[in-house]
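J.: Got a structure here, written out as C-alpha cells. Questions coming.
The values are calculated or read from the model by the stated rules, or taken from the named source; none is laboratory data. Values in this document were obtained by computation on a predicted structure and should not be read as measured data. As a convention, Cβ positions derive from the backbone with ideal geometry for all residues, glycine included, and neighbour counts pool all protein chains shown. We work out accessible area using only protein heavy atoms, side chains counted, and drop any ligands, DNA or RNA first. Shrake-Rupley method; radii C 1.70, N 1.55, O 1.52, S 1.80 Å.
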Amino acid sequence: MWGLLVVAANLRASLTGVGPLLDRVQADLKLAPAVAGLLNTLPLLAFAALSPMVPRLAGRWGPERLLGGALVVLTLGIAVRWVPTALALFAGTVLIGAGIAVGNVLLPSLIKRDFPTRVGLLTSAYATVMGGVAAVASGVAVPIGQVAPGGWYTALGGWIVLALVAIALWLPQMRTPRPAPEAVRGHRLPWGSALAWAVTAFMGLQSLGFYAVVTWLPQVFQDSGVSAAAAGWLLFLFQAVAVLTSLAVPAALRWARDQRAVATVSSAVVLAGYLGLLVTPGWALLWSVVLGLGGGACLVLALAFFSLRAQDATVAGALSAMAQSIGYLLAAAGPVIFGLLHTVSSGWHASIILMCVAAAGQAIVAMMAGRGTVRTVSSK
C-alpha cells in the first residue's frame, strides 16, 4: 500500500507547479498564451496516446516492473526540463506525461487487485496524497523560483528528488512482481459499453476542468489584481480544499446506494464556482474554495469509477485505459482553448464560459456514470 502512495505522490506535482510560473515562462521564452498552454496539454496528449497500451504492456512485463520503468521515464523528464531552453522544457514535459500516463492507468487496477474490499478508501488515500503534494507544488513554485539559483527552472526541476525517492522505494516491488492475469494479454477495451462511455465522459470533463484551472487560474487572479505569489497560494488553496474534500468521499460512497447524487451535486458545485468566477472574479478566495470543494470530490469519483464499475482487476485496468485515453484527449483541449479564447477575446469571460459548459455537461453524464454496480463493465 505504501509503495502505491509514494508513486501517487509523483503523479501531479511536476505538472501543477507550472501554472503559478506561467507568466514568467511566457516572458522568458517569449511564448504566446496558447503555446504556453501546451505545457499542461502535452502531458494530457501523452496520457491519451499511451493509456490504451498500458494493459497489454502490463501483461507482458508485469505491472510492478512497468510502473518502475515509468518512474524512471518521469525522473528523466524532470531532469531534461531543468535544462534552460524551450526545447528541453517541452521535451521533458512529454517524458513526464509518458511516465505519469502509466501510473494513472495501473494504480486503479492494482488497488482493485490487491485491495478489492477497500477500493473507496484506497482510492481516496492515493487521490489525497496525489492532490496534497500537487497543492504544495503550486504553493511553493513562485517562492522557490524567486530565491533559488536558476529561478523557475529550478522550481520545476527540484521535483526530481521526490521521483528518485519513489524509484528507490519501488525497487523491492520490481524484484518480486506478482504475475499479471493471463486475461490482460488479450483483453479488449470496453468500447461497446454505454456505461464505460459515461465513465469516460465524466473522467474527461473533470480532467479538462482541473488542468485548465491549474494552468490558467493564477493568471485569471493576477489580472484581477492579485500578486503572482498570492495567486500561487490561491491555487494551493484550491488543491488543499480538494484534498480535504476527497477525504470525505469514501464515507459518502459507503452511505449512498450508488454515486449518482454525489457525482451530480459535486459537478454542480464546480459549475457554481465557475459562474462565481465569471460574475465576480475579485472574490478569488471564495471561488478557490468552491472549486476545490467540487473538484476534489469529482476527482476521487472519477478514479473510483474505474474500480466500482468493473467486475475484476483486469476489467478495471481496461476501463481505466479507455477512460483515460479518450478522457485525457478531451482534457488536452482545455488549457489550449482556454488560452486561445483569452487571446482572441482580450479577456477571460469566454474562457470561463467554456468551463461552465463543461461543468454542466459533467453534471449530466454523472447521472449515468454514478449508477450502481449491478450493470458493471464486463470483459465480454
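J.: Once amide H atoms are placed 1.01 Å from N in the peptide plane, what residues at a sequence separation of 5 or more from Ala310, or on another chain, have their amide H within under 5 Å of its amide H?
T.: Val377
J.: Taking a ≥ b ≥ c as the square roots of the Cα gyration tensor eigenvalues, with a/c under 1.5 meaning rounded and otherwise prolate when a/b beats b/c, else oblate, which class fits the stretch 80-222?
T.: Prolate is the answer for the stretch 80-222, as a/c is 1.5 or above and a/b outweighs b/c.
J.: Going by accessible area, probe 1.4 Å, with all protein chains left in place, what is the ranking of Ile160, Ile96, Ile326, Ile353, largest first?
T.: Ranked list, largest accessible area first: Ile353, Ile326, Ile160, Ile96.
J.: Next question, about the same structure. Round to a whole angstrom and tell me the spacing of the C-alpha centers of the stretch 269-316 and the stretch 206-251.
T.: The two parts, judged by their Cα centres, are 11 Å apart.
J.: Sticking with this one: Any chance you could list the semi-axes, whole Å, largest first, of the equivalent ellipsoid that the Cα gyration tensor gives for the chain, using √(5λ)?
T.: 31, 25, 17
J.: Leaving out ligands, DNA and RNA, and with a 1.4 Å probe, what % of the accessible surface on the chain is carbon or sulfur?
T.: Of all accessible area on the chain, carbon and sulfur atoms account for 72 percent.
J.: How do His342, His349 rank by accessible surface area computed with a 1.4 Å probe, from largest to smallest?
T.: Details: His342 40, His349 115 Å².
Sorted descending by solvent-accessible area, the residues read His349, His342.
J.: Here is a further query. Using a cut-off of under 18 Å, list every residue of the stretch 1-25 whose amide N is near the label point 7 Å from the Cα of Arg175 along the Cα-to-beta-carbon line.
T.: Under cut-off, by backbone N: 1-4.
J.: So, with +1 on the Cβ of K and R and -1 on the Cβ of D and E, and no other charges, what is the size of the charge dipole of the chain about its Cα centre, to the nearest 20 debye?
T.: 1100 debye
J.: With a 1.4 Å probe and every protein chain left in place, work out the accessible area per residue of the stretch 23-182 in Å², rounded to a whole number.
T.: Per-residue accessible area for the stretch 23-182 comes out at 39 Å².
J.: In addition: Relative contact order for the chain: what is it in percent, counting Cα pairs under 8 Å that are at least 6 residues apart?
T.: Contact order relative to length: 28 percent.
J.: Report the extension gain between Trp283 and Leu121 in nm, rounded to one decimal, defined as 0.36 nm multiplied by the number of residues separating them, less their alpha carbon distance.
T.: Value of the extension gain: 54.9 nm.
J.: HN-Hα J couplings of the stretch 132-148 from phi, Karplus 6.51/-1.76/1.60, θ = phi - 60°, integer Hz, Gly and Pro as x?
T.: The phi angles translate into x, 5, 4, 5, 4, 4, 5, x, 8, 4, 5, x, 5, x, 7, 10, 7 Hz.
J.: Could I ask something else about it? Counting only heavy atoms of protein chains, what accessible area per residue, in Å², does the stretch 281-380 have with a probe of 1.4 Å?
T.: About 36 Å² of surface per residue is accessible.
J.: Using the Karplus curve 6.51 cos²θ - 1.76 cosθ + 1.60 with θ = phi - 60°, work out ³J(HN,Hα) for each residue of the stretch 105-114 in order, rounded to whole Hz, and write x for Gly and Pro.
T.: After applying 6.51 cos²θ - 1.76 cosθ + 1.60, I find 7, 6, 4, x, 5, 5, 5, 5, 6, 8 Hz.
J.: Then there is this: Mean separation of Cα pairs under 8 Å and 6+ residues apart, divided by the residue count of the stretch 11-166: what relative contact order is that in percent? Show your work: numbers first, answer last.
T.: Working: 188 pairs, mean separation 56.4, N = 156.
Taking the mean separation of contacting Cα pairs over the length of the stretch 11-166, I get 36 percent.
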